[in-house]
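Enquirer: Can you keep this structure in mind? I'll have questions shortly.
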Amino acid sequence: MATADPITGTLALATGLAWASGINLYAALLVVGLLAANGAIPLPPDLQVLAHPWVIGAAATMYLAEFLADKVPGVDSVWDSLHTLIRIPAGAVLAAGAIGEVDPAVTAVAALVGGTVSAGAHALKAGTRILVNASPEPFSNWALSIGEDAAVLAGLWIAVTHPWLFLVCLGLFVLACLCLLPLLWRGIRHLVRRLTGLFGPAARPPSL
């Protein structure tokens, strides 16, 4: 494990949990809970509940549900829409909890940054899924879903073992979001206009 000062390690854990929560909250909770329960990583007092067997069991159950929902085109986008109200607040709470008991202003900043990072990850995932679901075959959807799960596992491992490397990667991710999110939004608008043209009033056959 790479050595790092406590501040860097805490910052990497906080932003890592927020980022992973935006992609797959339950996978993030499950991975961190299992690592903490097995003594692989120490958790701040506010996050030690994640190592409780009941929390690990609940995270595993919900991860299985998300794993299955993520593989069905259309269902995954509905699931993402519902989890907009869950992933982003959870990312903010986990980031604040990872900081620990500090000045309330620092905790508020951590929550704000965590929520923003989680929102960016969630928006990039959900927007990409909408465009991929326009493809008639399911294999790209499956590959993307598995890739997201692998990214969460790898990202959290890097955040814990190589904090500086994770922070650099996170900075690149933020830059990618700034470039890709406008493109995704334009792609989604184009898709909506195309679907509207297919199923809108103009596409209906004339009445006899």
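Read-outs throughout are calculated quantities, based only on the coordinates presented, and are distinct from any laboratory measurement. This structure is a prediction, so every number in the text was calculated from the model and none was measured. Note: ideal-geometry Cβ built from the backbone for every residue, glycine included; neighbour counts use all protein chains shown.
Enquirer: Add -39500 (n - 2.57) for each DSSP H run of 4 or more in the chain, then divide by its residues: what number comes out at 222 nm, to the nearest 500 deg cm²/dmol?
Expert: So the helix-based figure for the chain works out to -27500 deg cm²/dmol.
Enquirer: Report the FRET efficiency, 1/(1 + (r/R0)^6), for Ser135 and Asp103, where r is their Cβ-Cβ distance and R0 is 35 Å, rounded to 0.05.
Expert: It comes to 0.10.
Enquirer: Next question, about the same structure. Report the charge-dipole magnitude of the range 64-182 in Debye, nearest 20, computed about the Cα centre from +1 at each Lys and Arg Cβ and -1 at each Asp and Glu Cβ.
Expert: 140
Enquirer: Top mean-square fluctuation among Arg129, Arg186, Arg87, Gaussian network model of the chain, C-alpha springs under 10 Å?
Expert: Among Arg129, Arg186, Arg87, the largest GNM mean-square fluctuation belongs to Arg186.
Enquirer: Between Thr196 and Ala143, what FRET efficiency follows from the Cβ-Cβ distance if R0 is 41 Å, with the result rounded to 0.05?
Expert: Here the calculated transfer efficiency is 0.90.
Enquirer: On a full-extension model of 0.36 nm per residue, what is the gain between Asp5 and Leu112, subtracting their alpha-carbon distance, rounded to one decimal in nm?
Expert: 36.2 nm
Enquirer: How long is the gain from Gln48 to Phe67 if the chain were fully straight, where each residue apart is worth 0.36 nm and the alpha carbon distance is subtracted?
Expert: 4.3 nm is the gain from fully extending Gln48 to Phe67.
Enquirer: What FRET efficiency comes out for the pair Leu153/Cys179, r = Cβ-Cβ distance, R0 = 35 Å, nearest 0.05?
Expert: 0.90
Enquirer: Go through (1) 36, 18, 15; (2) 32, 23, 17; (3) 24, 21, 15 and flag the label whose value is the computed semi-axes √(5λ) of the Cα gyration tensor in Å for this structure.
Expert: Identified label for the calculated read-out: (1).
Enquirer: Asn38 to Val75: extension gain in nm, 0.36 nm per residue of separation minus the Cα-Cα distance?
Expert: 9.9 nm
Enquirer: Which residue fluctuates most in the GNM of the chain (Cα springs below 10 Å): Thr116, Thr15, Thr61?
Expert: Thr61
Enquirer: Can you give the net charge of the other residues whose Cβ lies under 15 Å from the Cβ of Ser81, counting K and R as +1 and D and E as -1?
Expert: Result for the neighbourhood of Ser81: -1.
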